[in-house]
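I have placed the structure first, in the form of structure tokens, so that the comments after it can refer back to it.
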Amino acid sequence: MKRIDANRLHIPAEGRMLVDATIYASDRIRLEDDAVRQLKDAASLPSVDRAMATPDIHVGYGVPIGCVVGLRDIVVPAAVGYDINCGMRIVTTPAKRGELDPVEVAQSVRRDIPLGEGKKNLRLTHDQLDVVLARGVKGIADIAGETGRIWESRDPDEEAEDIRHIEDEGSMPGKPSAVSDRGRERGLAQLGTLGGGNHFVEVQRVDRVEDATLARTWGIEKDAICVMIHSGSRGLGHQVGGDYMKLATKRTGDRSPTAHLAWLDADSREGQNYIGAMYAAANYAFVNRQIMTMLVRRDLRHLLGNVPLPILYDVPHNMAKLEEHDGAELWVHRKGATRAFPPERLQGTPFAEVGQPVLIPGSMGTASYVLVGTPESKTTYYSVNHGAGRTMSRTEAAGGRRGWGRKRRPKKGGRPAAISDEDFERAMRGVHLIAENRWSAKEEAPQAYKDIDEVVRVVVAAGLARVVARMVPLAVLKG
């Protein structure tokens, strides 16, 4: 690698690589050799136009997390990943610090939103699931009931305004028939659940505003309370990802850069089925976050009264989309990366004058950011990182992965934890943590992640986005 400047590294094409690759990172950001190798694999895919990594780059499956790759004729399920349309959204509130108890909010949300893997909440019929998979948030009106805590929280006018603040208006051309029976079964009862891993609901306080005019336009003020939601397509999306990775391996595994990086021709029947199934899973994720938003609003209004609680934006970070860049139609795969469109790419939306809100969380215990997209991010297909990025695996962080015992406690004799219980508690001081399992929650400890402030500094210095505001956590709910 050769350093271009303080914030960019260049990898010239060598061996199987068909194009050069770029990594956005300063010399303070740790780079794993395996993650760099995976980026070089992405640059070796057929019909590749460009391959790059954002500052949160770390080892993933097939390609690194924090990878953006543009492909002319193929789609690569592993370059999207298992958690299709895992994404972020922020609900803003009129409450300021001291006007709302974050612990009370978190405890209330905990009663409404199941945390952790395999949990269930809203049960659908098969016909209702088809509506969700085909139409996303725009189909909620057709499945909504009149009773129950979820549907009693629904406001059609509020929902219509929400749709304008969701990428793709929360509705993509999904193909329910392309989702396997097993995927459908997994999706019948998981809407309105958070999931495990790095998913969270976080009560935050705005501690710094850097663009006061834009922040005010977006309903963000210093010391204001907001709620960030991070979740995806749950078991259904995981099944779609796994099913089509296996299919791709059968079709092109012998020609792929690695065993995990097989592809499907975008215009083939299999490729079109994957695209339709991926979009169906994306719709499921949009609806999942929308239902959780309805429940969060229910809990906030119980404490604040009937006040406006708009969402700022909802943005995915595990998707492939057909986009035009420099006159070419490309399948832009963003894995652990989020779109960051400038104003000219958002005509007809509420952000046509200012650019897209970009939501970048840190880790629990550290800051999160709201940024805005800029024209300069053209070099990355208008993309930035989706978070801080891991510096150690979950096994390293929590230890004991030789196996988990009863109640998911590490078995004796397993790998020792790199992060002690005392260090974990120290890093979370001042933040109220509600976790389905506090032992495995240490996998997501702040020490296991890169410095979010340095990651965002690189993004801004490279001209990819501008900071609007910075938030700090008050209470965190984890699976």
Tell me what the chain gives for mean residue ellipticity at 222 nm when only DSSP H runs of n ≥ 4 count, each as -39,500 (n - 2.57), the sum divided by the residue total, rounded to 500 deg cm²/dmol. -8500 deg cm²/dmol
Using modelled amide H (1.01 Å from N, peptide plane; none on Pro or chain starts), what sits under 5 Å from the amide H of residue 449, excluding residues fewer than 5 places away? 391
What distance in nm lies between label points placed 7 Å from Cα along the C-beta direction at residue 379 and residue 27? 1.9 nm
Could you give the length gained by full extension between residue 259 and residue 99, i.e. 0.36 nm per residue of separation minus their alpha carbon distance, to one decimal place? 52.2 nm
For the table 378/450; 175/250; 175/450, the rows whose alpha-carbon distance is greater than 28 Å are 175/450
Taking θ = phi - 60°, what integer Hz values does the Karplus form 6.51 cos²θ - 1.76 cosθ + 1.60 yield along segment 138-155, in sequence order, with x for Gly and Pro? 5, x, 4, 4, 7, 10, 5, x, 9, 10, x, 5, 6, 6, 5, 8, 7, 10
Estimated inter-spin distance, residue 347 and residue 216, nm [label 7 Å along Cα→Cβ]: 2.9 nm
Which labelled figure in [x] 66, 57, 47; [y] 86, 50, 45; [z] 61, 55, 49 is Cα extents along the principal axes in Å, once derived from the coordinates: [z]
Considering only DSSP beta bridges whose two residues both sit in the chain, what percent are antiparallel, to the nearest 5? 90 percent
Considering only DSSP beta bridges where both residues belong to segment 1-120, give the percentage that are antiparallel (nearest 5). 80 percent
Amide H to amide H, which residues 5 or more places from residue 256 or on other chains are under 5 Å from it, using H placed in the peptide plane? none
Given the convex hull over the Cα atoms of segment 273-407, what projected area results after averaging over all orientations, in nm²? 12.9 nm²
What FRET efficiency would be calculated for the residue pair residue 164, residue 2, taking the C-beta separation as r and a Förster radius of 60 Å, to the nearest 0.05? 0.85
For segment 335-403 and segment 123-185, what is the centre-to-centre distance using only Cα atoms, to the nearest Å? 25 Å
Figure the gain on full extension for residue 420 and residue 20 (residue separation times 0.36 nm, minus the Cα-Cα span) and round it to one decimal in nm. 139.9 nm
Residue 167: net charge of surrounding residues, Cβ under 14 Å, Lys/Arg +1, Asp/Glu -1, itself excluded? +3
Once you have the alpha carbon radius of gyration of segment 122-248, what is it after dividing by 2.2 N^0.38 Å, with N set to its residue count? 1.26
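Coordinate-derived values only; no laboratory data. Please read these numbers as outputs of a predicted model, since none were measured by experiment. Cβ: placed from backbone, ideal geometry, glycine included. Neighbour counts: every protein chain shown.
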